[in-house]
Amino acid sequence: MSDGERMNFCLSDLVPPLRWSDAARITALADRPGLPDAWWRTLPLHRVLAVLDAEALGDLLTELAVDHWPAAAVGDVLPALHVLDPDDADDPQVAIALDRAGSWPGLLALSGRELADQPFIRARPVLTALFSAVFLRMSPEGARQVSPPIPAPVEDPPEEQAAEEEVPEQDPAQQDPDIPELIDAAFGDLDDQTWMVAQNRVFAGEPSDPEQLARLLAVPPDVIHDLDAALRDRLSRWLALPEAKPYNEHLAWLTDTFGVAVPEQRFVTAAEWHERELRSLELPAWRFVLATLPGYRLSGDWIVAGDIEELRERTRSLIASAERPPTVPQALEMIGSLGVRPDVARQWLESVPQLRAQKASQVDPDRQQGGLKDVALTRRCFRQPDGRWWLRVDVSGDHLHGGEVPLPSGFAAYVHLAPGEDRTVRSAAGEVGLSWHARPVLGSLQRILGEVSAEEGSHIFLTLSEEGMLRVRHLPAANGGDQTSRALRLVGYTAPSGTAEQAARVIAARVGLTAPAGRPELLARLRERGDRDLLTLLG
């Protein structure tokens, strides 16, 4: 029996971006002969491999990685690569890429886009060889090999791992895998008007205006209000029934597990059935769950008990009231008193604007340190789809001739560089120095700039991976284009710009604003950060 059969994994269990994306809209996944709808999250891998062999599945995943998740590290697309023996990916293209990256972890830290930017490397054959090697180990053809265990991806720092163990391990609803069927049985008889109210108001992320929905259904607004109230009353009565006990136990488990705040994606994946579509309501089950979780609501990327701005203000006040600026570990411990669970505490701190936290370091204790700036408020820093903050560097003649690259203190703090520190980081083109004395700086990028054919006026985006690998993305200087397209390019977005409103939403997300953020909020954030070039283009 192969690993895929023995462990009963489906593809989305092994490929986290499939859980982050609206996979139903990815055409490459749909209409696969011999595979059912939503096969990537419902069909065990051994059954998928009976239809698509390892190489075909590897080729499909390559297409997704390149076309849909180009900024995601290879090892984040398929975390099982971290426990694969590199000898199993015996391919000339992989050998070239491995030589360029310098190590197996370094190779897995590169994104598909970064692989494509490397000289002499053909990204698609490399990715296909890597992904296929993993699937071959899980396929019937690879059953005779000794397969490594497939770990869940570990994203939190080591100091938080012990805290995660405190989370309740067993969801009571796992004892009853038919909760979606329970819901469908209770709400499968809704008439068309009530179903529309359920879709657009009761279970909607952004409820429709009653007057707008009334015009759509050609009824008076009072009818919409009455249907809304009746459906909410029916929901309350169903929750009080004995047959809803397993569901109520699941709600209690969620509250105990996540405390007062949880990232939306963690909530969505808290149970396997959260992502299943309810046939009765034609919406993902997690939306139904959120609507019935007392006091919780979705605000941007977070699900919070109460008002998110109130919790953020309480967080800022708690940190500011400390006798001296707390270290990050101290701050993480402090916000536990607010009900923020340890396993999401760091992520919550990073999401609070205007928060100042002193970073623990090995600097002389008599040396005074100021609070470190929030990276979300740092000029030219942008959060990319991979979840990391990247610094845009506008290439100058000095950079091309080997000059060092000044770093904003907010970004230096984000990559855990402390005042007085010197260290070396790896990159695909060799080692590069990081230091913070008179100011934080990155050493010469001349070799990297030469390899990507950078020119004065072009842009590079920099970040450090969790493994400490310097990741670099190059964008040539824009030739023409309207102001909206040029503004998007400055935040690292190169897809067609669409409408001005769509562009504003993209830029708002990349400077750390949570939805819904309007144009005034975006312009205010850009002024606060000092992004004058973006203000000029969006003005």
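The values are calculated or read from the model by the stated rules, or taken from the named source; none is laboratory data. It should be emphasised that the depicted structure is a prediction, and the values quoted were computed from it without experimental measurement. FYI the Cβ positions are ideal-geometry reconstructions off the backbone, even for glycines, and counts take in every protein chain you see. These area figures cover heavy atoms from the full protein model, side chains too; ligands, DNA and RNA do not enter into them. Shrake-Rupley method; radii C 1.70, N 1.55, O 1.52, S 1.80 Å.
Using a 1.4 Å probe on the protein chains only, how many percent of the accessible area of the stretch 175-271 belongs to carbon and sulfur? Don't skip to the answer; put the middle values down first.
Details: 2480 of 4870 Å².
Summing carbon and sulfur atoms, their accessible area is 51 percent of the total for the stretch 175-271.
Quick check on packing: order 404-417, 251-264 by the mean number of other C-beta atoms within 10 Å, highest mean leading.
Result, highest mean first: 404-417, 251-264.
Leaving out ligands and nucleic acids, note down the accessible area per residue over the stretch 185-273 with a 1.4 angstrom probe, in whole Å².
That works out to 50 Å² per residue.
Quick check: at a probe of 1.4 Å, how many percent of the accessible area of the stretch 381-428 sits on carbon and sulfur atoms?
50
Give me, ordered by chain and number, the residues 5 or more places off Leu283 or on other chains with an amide H under 5 Å from its own placed amide H.
HN-HN under 5 Å from Leu283: Leu278.
Taking the mean number of other Cβ atoms within 10 Å as a proxy for protection, how do you rank 123-134, 38-49 from highest to lowest?
123-134, 38-49
7 Å from Cα along Cα→Cβ at both Ile26 and Ala320: what's the point-to-point distance in nm?
Spacing of the two 7 Å Cα→Cβ label points: 4.3 nm.
Enter the accessible area per residue of the stretch 393-539 (Å², integer; probe 1.4 Å; all protein chains in place).
It amounts to 45 Å² per residue over the stretch 393-539.
Using per-residue counts of other Cβ atoms within 10 Å, averaged over each peptide, order 83-95, 338-350 from highest down.
Top of the packing list down: 338-350, 83-95.
List the residues whose amide H sits under 5 Å from the amide H of Arg32, counting only those 5 or more places along or on another chain, with H placed 1.01 Å from N in the peptide plane.
none
Any chance you could run the full-extension gain for Leu400 through Asp533? It's 0.36 nm times the residue separation minus the Cα-Cα distance, nm to one decimal.
45.7 nm
Specify whether the C-alpha gyration tensor of the stretch 220-365 places it in the rounded, prolate or oblate class, a ≥ b ≥ c being the square roots of the eigenvalues: rounded for a/c under 1.5, otherwise prolate if a/b is larger than b/c and oblate if not.
Prolate shape, in that a/c is at least 1.5 and a/b is the bigger ratio.
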